[in-house]
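These notes concern the structure reproduced below.
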Amino acid sequence: MTGRALSSDWLKIRGKGIWFLVFLAPIGLIAMQALNFGLRLDYLKEQYADNLWGGLLGNVVIFVPLSLMLGATILSSMIANVEHEQGSWKQLLAMPIPRSAVYLAKFLLACLLLVISCLLLTGGIVGLGLILGFHASEIPWVQAIKLGLLPLAGALPVLSLELWLTMVNKNQALPVTLGIVLAITGMFALSISPNFPLAWAQMAWNGPNPYLYAGMGTGLGILILLLGMVHFSRKDVA
């Protein structure tokens, strides 16, 4: 059931500008570092002489949690708005598909789009490093792949919460505003506590035990997902 709903949602996002957003975030981060390294290449090569690739990844990952939380907020709103704008909730929910499957399919779609965006970021950063003259034999593929995926796991609570709010509210102003506030707060969350949920996206990359924070983010994200699914299944959606 979920697979059928996911296939349907995949078709619905055509022409909605969602793919533009998926490509925009990684391209923006890559362009930012292309400018950063392009203008200060000699200085940065000297500064990161012992680990050029690590220096490049480190400069990128600073902005990844913010991008992920903002991306999760906007993607959730755009995915939910496909049904809100067309007024097709009643028609969709009248189909012989459980509401939980409809909800889960939209969550999986959002996750899949964010994973694609993260992998595009990995490929773009590796390409940028090669253009800058970094040695191909030294590419840290494992770290490059983790660049977006581990922070994404840490940011899953924000995605789950935003999807919940955007799915049950036709007016998207409050969910989107909240998502922006959460994303900005996440930039300073480490000053509050490494155990503060909004800090987990950062800790999932540079914490002493990144997999722990990635796991915590995934666990809380699933919990919020289940709560949202139960609420959505019981609520009348116009």
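The values are calculated or read from the model by the stated rules, or taken from the named source; none is laboratory data. This is a predicted model, so every value here is computed, not measured. When we count neighbours, we look across all protein chains shown, and the Cβ atoms used for this are built from the backbone with ideal geometry, even at glycine. The area values use the complete protein model at the heavy-atom level, side chains included, leaving out ligands, DNA and RNA. Shrake-Rupley method; radii C 1.70, N 1.55, O 1.52, S 1.80 Å.
Summary of values
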read-out: Nearest-0.05 FRET efficiency for E85 and S7, computed from C-beta distance (R0 22 Å); value: 0.60
read-out: Cβ-Cβ FRET estimate between N36 and I180, R0 fixed at 30 Å, reported to 0.05; value: 0.75
read-out: When region 107-232 is reduced to its Cα atoms, the Kirkwood hydrodynamic radius in Å; value: 15.7
read-out: Dipole magnitude of region 24-97, debye to nearest 20 (Cβ charges: Lys/Arg +1, Asp/Glu -1, about Cα centre); value: 100
read-out: nm² value of the averaged projected area, convex hull over the Cα atoms of region 1-132; value: 9.1
read-out: Helix-only [θ]222 nm of the chain, DSSP H runs n ≥ 4, -39500 (n - 2.57) each, per residue, nearest 500; value: -25500 deg cm²/dmol
read-out: Pair F23, V230: separation of 7 Å Cα→Cβ label points (nm); value: 4.2
read-out: On Cα atoms only, tilt of 64-86 relative to the major axis of the chain in degrees; value: 30
read-out: Given charges at Cβ of Lys, Arg, Asp, Glu: region 1-89 dipole, positive-most of L21, P65, Y48; value: L21
read-out: The chain: angle of helix 210-234 to the longest principal axis, Cα-based, in degrees nearest 10; value: 20
read-out: Charge dipole (debye, nearest 20) of the chain; +1 at Cβ of Lys and Arg, -1 at Cβ of Asp and Glu; value: 780
read-out: Value of D in µm² per second that Stokes-Einstein yields for the chain, Kirkwood Rh from Cα pairs, at 37 °C (0.692 mPa s); value: 176
read-out: Principal axis box of region 134-199, alpha-carbon based, largest edge first, Å; value: 51, 28, 17
read-out: Globularity ratio of region 1-73, using Cα Rg and 2.2 N^0.38 Å; value: 1.57
read-out: Sequence-separation-based contact order of the chain, relative, with Cα cut under 8 Å and 6+ spacing, percent; value: 28
read-out: Rounded percent of accessible protein surface that carbon and sulfur make up, region 106-238, 1.4 Å probe; value: 72
